[in-house]
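I have placed the structure first, in the form of structure tokens, so that the comments after it can refer back to it.
The values are calculated or read from the model by the stated rules, or taken from the named source; none is laboratory data. Everything numeric in this text was worked out from a predicted model, so none of it was measured. Every residue, glycine among them, receives a Cβ derived from its backbone with ideal geometry; neighbour counts consider all protein chains shown. With ligands, DNA and RNA removed, areas are computed over all heavy atoms of the protein, side chains included. Shrake-Rupley method; radii C 1.70, N 1.55, O 1.52, S 1.80 Å.
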Amino acid sequence: MASMIDSLFDRYERGSITRRHLVQALAALVLPATALAQDAAPAPAPIVPGLGVNHVGLSVNDIERSFVFYQKLFGVKKG
């Protein structure tokens, strides 16, 4: 799986995929389908541990649902 992730980042850095496609592909690789269900129990630890974020801007229709998704995926916390 590490080589697949490296390949995705290489493609992103070369500009052959967008940031959106990179995030979608990473989520598809590491996020089991059951974790996307709204009634699924929260993950005990982040699926993808983040080291840091410089800037994120998102436009979403359902803020709470989006927060739950990113909380499960990256372990984000409300600040």
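Extending 7 Å from the Cα toward the beta-carbon at both Ala45 and Ile63 defines two label points whose distance is 3.2 nm.
Tally Lys/Arg at +1 and Asp/Glu at -1 over every other residue whose Cβ is under 13 Å from the Cβ of Ile17; what's the total? Neighbourhood net charge equals +2.
Per-residue SASA remark: Leu22, around 10 Å² accessible (1.4 Å probe; ligands, DNA and RNA not included).
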